[in-house]
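Below is one structure, written out as structure tokens, with a few remarks after it.
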Amino acid sequence: QTLQIFEESAAPTLSMDLASEAHVLVVLLTCLFLMCQAQEKDYTVKEEQPENVRIGNLRKDLNLNLDPDVKLSSALQFKPVYKTGDVPLVKVEASTGEIFTTANRIDREKLCSGVFNEKRCFYEIEVAVLPDEIFRLVKIRFLIEDINDNAPLFQSTVINISIPENTAINSRYPVPSAFDPDIGINGIQHYELVKSVSEFGLDIIETPEGDKWPQLIVQQSLDRETKDTFVMKIKVEDGGTPPKSSTAILQVTVSDVNDNRPVFKDSEVEVNVPENAPMGTSVTHLHATDADLGSNAQIHFSFSNQISPATKRHFAIDSTTGLITVKQPLDREVNPVHKLIVLASDGSSTPSRATVIVNVTDINDNVPSIDTRYIMNLVNGTVLLSENAPLNTKIALITVTDRDADLNGKVTCYTDHDVPFRLKPVFNDQFLLETAAPLDYETTREYAIRIVASDSGKPPLNTSAMVLIKIKDENDNVPVFPQPEIQLSIPENNDPGTQLIKISATDADSGSNALIIYSLGLDAPDGFNIDPRSGILSVVKRLDREKQEKYSFTVIARDNGSTPLQSNVTVKLIVQDQNDNSPSFTHPEYNFYVPENLPLYGTVGLITVTDADAGDNAVVTLSIINGKDNFIIDPKTGVIKPNITFDREQQSSYTFVVKAVDAGQMQTTSYAKVTINVVDVNDNRPVFVIPSSNYSYDLVPSTTALGQW
């Protein structure tokens, strides 16, 4: 296999004016710009190749020597974009770009069974070079080389020719040609008479189109009365290696003399007929004359057996008038040109020949067609596309065709509503469907893109095709709490396991990306727990307001994406007071010392009492349980005052109990013992006890010993 890479270049001539030069420059710049993403490569491959024959290497032929420093999102990949329903004749290795034949038969004659003068046959595919960072769309054209796989055949196994007996020596008579679908050297190259007779020889005339027409040459005088029929065998052979051939019986009948052939007024006629011409429409009227008289001048028109059966089906000729009419509906898209060979015969052995070329002109009778070839893999007929897909991500190759011609076949392609996708032209009538704006699964989860193809006929015809795209969710949204802070309260002395609140966050993603796991932040104190699934926050120990009244910590909501995202909320908890603490005296027993001359309602002392609770539970009222006749106490300040005057000499101390009661709903009480000691003051003169009076005496005996009383 040989690689053929065709390059087109344009250089403005010296005589170009400035406008023309500018136009050429724009065209060249446009071509250079498009070459970065759209390229064409041509290869040559012989038909009938077996499977796995190597044709070429795209990576090498496209010169894809990547810089090792270039980071790609995925490995280099070559992905053929086959037509819908197409039987692939070649395959491209995804990683290497090697091109091989497949098991499907390459038949040039089947691929290119078009118009009669087609000589070159191409098979085309597109290959997408991925990933998107180096994306290219390569149109590959395979020139199918003909091999000699068809033998030339005569249209009939018996060929009858009538020659008048007075025919001059060296006169020539056309022999119906054989047909060979092969081309070039593999086509018809030679005719010969296998079982010949001395009266006839064979010559070959080559037409300007390269066709070879056999002609029978009269080499001796003919005498019908001596011999009226000659039977020979004609052989046709192509130029293949080895050559293929076939034969037919050539039967020559010697007829009576009719010495003037009909003559066409025009031997070559070219006409245009619209493809919607109704049956019976006149195509052309051929005229021929004959210099003979009588029955020898009666001309009979007919089609040659050299024209194709399909052409014969579409046209009829009046054998008497030479009027050619439409016999069956025409279709330019099937056969744009018909070649009619018309014979005019006056009954002699040598009819005249005229060629009529019928060009079938186009009308806008074909709706454009849309062929969608997906670059991205389909799942149940739908493209699955990540919402993180970058701009210009290639989705499909859209090919629009219209079998009509000129403006009727000029197609525009567009999407019928505003979507974040666009159709980017790459080749004639081919577009890449790619992303044109960022995608967001949370905004739109799927798209039904209607692609419309409309021709430029009057009136225009259009068709449409749907491309279904489902957006794949990516973890691009953090969990969101409805408020930045959660304020809670709970009475102290709670039961362990008490549920405080169900914390809930939302995540705009879906699936596992939206599955939220809750946890406590590192600043959370012991004694709290949160269910990771439900988000229920609970306290697992008994709280004591008197030890800690306020708590502040964070709760984390983390999603379950492959790269998880998280957010926080602050929880502030206030522990509410319970009346679980009795009033507390600073001392269990109070001793006060007061001078006995303390005035009435003077201050004896101060009783200090506290309560660890808060609010009303900490409001304490003091009272005296016993001894309240002698003393009074301020219920709030705890100041004790006497309700009596003191006389130490009469009573030196007083003892009573002070009661402390808080204001809680369930009141608690404490008691303290109070002792008031009366301190003597010098309010009494000395009094002699013995003797009881100044005039008394005591007799001391003289015998009293020393030291005795």
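The values are calculated or read from the model by the stated rules, or taken from the named source; none is laboratory data. Computed from a prediction, not measured in an experiment: that's the story for all the values here. As a convention, Cβ positions derive from the backbone with ideal geometry for all residues, glycine included, and neighbour counts pool all protein chains shown. SASA here: full protein model, heavy atoms, side chains in, ligands and nucleic acids out. Shrake-Rupley method; radii C 1.70, N 1.55, O 1.52, S 1.80 Å.
For Kirkwood radius over Cα pairs in Å, which listed value, (i) 28.7; (ii) 38.6; (iii) 44.3, comes from the coordinates shown?
Computing Kirkwood radius over Cα pairs in Å and matching it to (i) 28.7; (ii) 38.6; (iii) 44.3 gives (ii).
Plugging the Kirkwood radius over Cα pairs into Stokes-Einstein for region 103-191, at a temperature of 4 °C and a viscosity of 1.567 mPa s, what D comes out in µm²/s? List each step's numbers first, then the result.
On the way: Rh = 17.5 Å.
Roughly 74 µm²/s, to the nearest whole number.
With the full set of protein chains in place, find how many percent of the accessible area of region 592-709 is carbon and sulfur; take the probe as 1.4 Å.
Values: 4360 of 8090 Å².
Taking all protein chains in place, region 592-709 shows 54 percent carbon and sulfur surface.
Using a cut-off of 11 Å between beta-carbons, work out the net charge of the residues near residue 209 (Lys and Arg +1, Asp and Glu -1, residue 209 not included). Walk me through the intermediate numbers first.
Details: positive: 119, 212, 339; negative: 206, 211.
Residues close to residue 209 contribute a combined charge of +1.
What FRET efficiency would be calculated for the residue pair residue 337, residue 215, taking the C-beta separation as r and a Förster radius of 35 Å, to the nearest 0.05? Before the final figure, lay out each step's value.
Numbers: r = 26 Å, r/R0 = 0.75.
The value I calculate is 0.85.
Which order do 376, 666, 466 take when ranked by solvent-accessible area (1.4 Å probe, heavy atoms of all protein chains), largest first?
Numbers: 376 50, 666 145, 466 100 Å².
Greatest to least solvent exposure: 666, 466, 376.
For the full complex of protein chains and a 1.4 angstrom probe, list 398, 185 by accessible area with the highest value first. Before the final figure, lay out each step's value.
Details: 398 0, 185 110 Å².
My answer, sorted largest first, is 185, 398.
Give the lysines reachable from residue 327 as a straight Cα distance under 26 Å; neighbours fewer than 8 places away on the same chain don't count.
Result set, ordered by chain and number: 265, 312, 339.
At 222 nm, what helix-only mean residue ellipticity would the chain give, in deg cm²/dmol to the nearest 500, using -39500 (n - 2.57) for each DSSP H run of four or more? All intermediate terms of the calculation are to be shown ahead of the outcome.
On the way: 4 runs with 32 residues, N = 709.
The helix-only estimate for the chain comes to -1000 deg cm²/dmol at 222 nm.
Rolling a 1.4 Å sphere over the protein heavy atoms, what is the accessible area per residue of region 476-525, to the nearest Å²?
On the way: 2680 Å² over 50 residues.
I get 54 Å² per residue for region 476-525.
Please give the contour-minus-distance gain from residue 621 to residue 143: 0.36 nm per residue of separation, less the Cα-Cα distance, rounded to one decimal in nm.
Numbers: separation 478, 0.36 × 478 = 172.08 nm, distance 11.25 nm.
Contour length minus Cα-Cα distance gives 160.8 nm.
With axes computed from alpha carbons, what is the tilt in degrees of helix 18-35 against the longest principal axis of the chain, rounded to the nearest 10 within 0 to 90?
Taking Cα atoms only, the helix is inclined about 60 degrees.
Nearest 0.05, what FRET efficiency do residue 412 and residue 77 give at R0 = 30 Å with Cβ-Cβ as r? Working shown, then result.
Numbers: r = 32 Å, r/R0 = 1.05.
With R0 = 30 Å, the Cβ-Cβ based efficiency is 0.40.
Write down the Å³ per residue value for the convex hull defined by the alpha carbon atoms of region 184-303.
Working: hull volume 22.5 nm³, N = 120.
Once divided by residue count, the hull of region 184-303 is 187 Å³.
What figure in square angstrom, to the nearest 10, would you give for the accessible area of residue 293 with a 1.4 Å probe?
Solvent-accessible area, nearest 10 Å²: 150 Å².
Quick one: order 121, 413 from most to least accessible surface, probe 1.4 Å.
Largest accessible area first, the list is 413, 121.
Mind jotting down the distance between the C-alpha centroids of region 642-675 and region 276-342, whole Å?
Answer, in whole Å: 144.
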